[in-house]
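Below you'll find the structure, written out as structure tokens, and then a few comments.
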Amino acid sequence: MLLAIDTSTGTSVAVVDLDGGILAETGTNDTMRHAELIGDGIRDVLGRAGVRPADLSGVAAGMGPGPFTGLRVGIAAARAFALGIGRPVVPVVSHDAIAHAWYAAGGTGALQVVTDARRRESAVTDYDGLDADGLPVRFAAPRLEPRDAVPAPRGIRLDADTVSAGSLGTVAELAVAAGRLPIAGDDALYLRAPDVTPSAGKRVLR
């Protein structure tokens, strides 16, 4: 059983069990209040699922693609919570959750997932169905494209403004069950450098 957290678009939190499915989920597509909402979201889903932190086997973290400010809130929360309960973090590409939900609902063939990356750009990932373990097959890695010039998809284009933490946790549970970890890297998929960089500092004269 996993706690799943994603802040690559809005804020979504869920408790997911491989056999029981999505036990509880909450979320909003608000892209500005991740830090304010995430703590309440965690408490809410754990309470509604009747799950204690010690019952969890890990925490699934959505690694993006997504904007720097929002995405880092969810990843930091996932890592802090996992550290607090002594469980591992399972990194998952956020677009994989969107793709899995689409295929699980009966979608077939090639799929292009598109989310807003701001600055007149879109984050784009291309998929080609689910593999034998039920995991999405990526045939093109997440990348940035001009919002008005995203290349035509091979199949269906899916523009998404939310990522379901329930679907994210499901992907993580499938990967754990199949012994396929890791399925994503530990580094967030910001796809571009943050707006703010550390100052070089002032030279101190003695």
(message) If I go through the stretch 26-55 residue by residue, how many of them are outside any helix (DSSP H, G or I) and crowded, with 21+ Cβ neighbours inside 10 Å?
(response) 1
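What residue, among those in the stretch 146-175 that are of a type in the set (Val, Ile, Thr) and under 23 Å from Gly106 (Cα atoms), is surrounded by the most Cβ atoms within 10 Å (Cβ to Cβ)?
Per the stated criteria, the residue is Val163.
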(request) Six or more apart or on different chains, Cβ under 7 Å: which pairs go from a residue in the stretch 23-40 that's at pLDDT 80 or above to one that's surrounded by fewer than 16 Cβ atoms within 10 Å (Cβ to Cβ) and of a type in the set (S, T, N, Q)? Could you list them? (result) Leu37/Thr28
(message) What pairs come out if I take residues in the stretch 97-124 that are surrounded by 23 or more Cβ atoms within 10 Å (Cβ to Cβ) and pair them with residues that are of a type in the set (Asp, Glu) and not in a strand (DSSP E or B) whose C-beta lies under 9 Å away, six or more apart or interchain?
(response) Val113/Asp96; Thr115/Asp161
(message) Which count do you get for residues in the stretch 182-200 that are farther than 17 Å from Val137 by Cβ and either at pLDDT 90 or above or touching a Leu at 6+ places or on another chain (Cβ under 7 Å) (or both)?
(response) 8
(request) Name every residue in the stretch 131-149 that is under 18 Å from the mean Cα position of the chain (by Cα) and touching a residue at least 24 places away in the same chain (Cβ under 8 Å), in order of residue number. (result) Gly134, Leu135, Pro136, Arg138, Pro142, Arg143, Leu144
(message) Arg143 - would you say it is of a type in the set (Lys, Arg), surrounded by fewer than 18 Cβ atoms within 10 Å (Cβ to Cβ) and farther than 16 Å from Val171 by Cα?
(response) yes
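The values are calculated or read from the model by the stated rules, or taken from the named source; none is laboratory data. Because the structure is a prediction, the values reported are computed rather than measured. Cβ atoms come from the backbone with ideal geometry, glycine included; neighbour counts cover every protein chain shown.
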